[in-house]
Structure formats: C-alpha cells, structure tokens
Amino acid sequence: ILFFLYLGWKIRKIYKNFIFYLFKVRDRNAEKKAIKILKKNGYQILNKQPIAKGYLYQNKKQISFIVRPDFRVSKNNIVYIAEVKSGMSASIQDIGTRRQLLEYSIVFNSNKLILVDTKKNKIKKIEF
C-alpha cells in the first residue's frame, strides 16, 4: 500500500510539473506576441519584467513585497507599465487583473498603465 501511495504522489508531482511547464511556455509565447503588438503600435520596450519594491503596514510593522509587471514601455516620451493578458483576464472586469494593475500603479507611482490583450491584438490604456 505504501508503494502505491508513493507512486500516486510521484505521478501527481510529475503532472503538476508538466502543467507548470505548459503555462510557462504559453506565457512566454504571449509575451513574444505582446512585444510585436507594442512595437507595431509605436511603443519602445524599456525593460522586461522590471522589479519594484512595495510596502504595506501590518499592525504598524512594515512588510515589503516585490512586484514584477511584464514590461516598462514608452511612447511619445510617456512611460507606461504594461501587463500582458489574454482571454477573459485581459479585461478590467477581471478582479485579479484590476487588482494587479492597481498594485502596479501604486508601487510604480504611475497612472500610466497598459493592458496588452494578446488574443484580440489590442492595447488598452488604463488609468486609476
């Protein structure tokens, strides 16, 4: 019985790793497509996955965290934070996307955000 439990655990682990790999490949392809969409629309890629540190306070204790949007881009001397999404998550109606964009706006101290919809080949300018 222990052998079969171990075997089941191993199979689940292999399956989870395989699914994780598929998501990584999909995300990489979406980012490549987003670069083409951005360049086609006159945006210059400044950084891929720029890192910024944010802070929250919990019971007066400062807690830091890191955010990493997909791109920092510019057009007409305006710098934007760009996030790549596809399907239903490429809408500000999606609560996760909306919260993610709000977090970027706060941490990067910027009201200039872009949501790149790779499924519809669209760029959506977002402001809070």
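Ligands, DNA and RNA are left out, and with a 1.4 angstrom probe the accessible area of the chain is 75 Å² per residue. Measuring from label point to label point, each 7 Å out along Cα→Cβ, what is the residue 11 to residue 75 span in nm? In this crude label model, residue 11 to residue 75 measures out at 5.0 nm. For residue 113, the amide hydrogen comes within under 5 Å of the amide hydrogens of 81, 126, counting only partners 5 or more places away or on other chains and with H modelled in the peptide plane. For region 43-97, the fraction of C-alpha pairs more than 20 angstrom apart is 46%. From its DSSP helices (H runs of at least four residues, each -39,500 (n - 2.57)), the chain gives a residue-normalised ellipticity at 222 nm of -14500 deg cm²/dmol.
The trypsin sites (Lys or Arg not before Pro) found in region 29-128 that occupy coil by DSSP, while having at most 10 further C-beta atoms within 10 Å, are 60.
Taking 17 Å as the straight-line reach from the Cα of residue 33, the aspartates and glutamates in range (excluding those fewer than 8 positions away in the same chain) are 70, 83, 117. Note on exposure: 31, 83 ranked by accessible area (1.4 Å probe, complete protein assembly) read 31, 83, with the most exposed listed first. Backbone geometry of region 94-99 corresponds, through the Karplus equation with coefficients 6.51, -1.76 and 1.60 at θ = phi - 60°, to 3J(HN,Hα) couplings of 6, 4, x, 5, 4, 5 Hz, x marking Gly and Pro.
Remark: the residue 29-residue 57 segment gains 6.4 nm on full extension, using 0.36 nm per residue and subtracting the alpha carbon distance.
Counted by Cβ distance under 12 Å from residue 73, the other residues give a net charge of +4, where Lys and Arg count +1 and Asp and Glu count -1.
The long axis of helix 2-40 is offset from the longest Cα principal axis of the chain by roughly 20 degrees.
Given a 1.4 Å probe and the protein chains as shown, residue 94 ends up with an accessible area of around 50 Å². Solvent-free Debye calculation, one equal scatterer per alpha-carbon of the chain: log10 I(q)/I(0) at 0.14, 0.15, 0.16, 0.18 Å⁻¹ equals -0.70, -0.77, -0.83, -0.97.
The values are calculated or read from the model by the stated rules, or taken from the named source; none is laboratory data. Predicted model only: the values in this text are computed from it and were never measured. We place every Cβ from the backbone using ideal geometry, glycine too, and count neighbours over all the protein chains shown. What goes into the accessible areas is simple: the full protein's heavy atoms, side chains included, and nothing from ligands, DNA or RNA. Shrake-Rupley method; radii C 1.70, N 1.55, O 1.52, S 1.80 Å.
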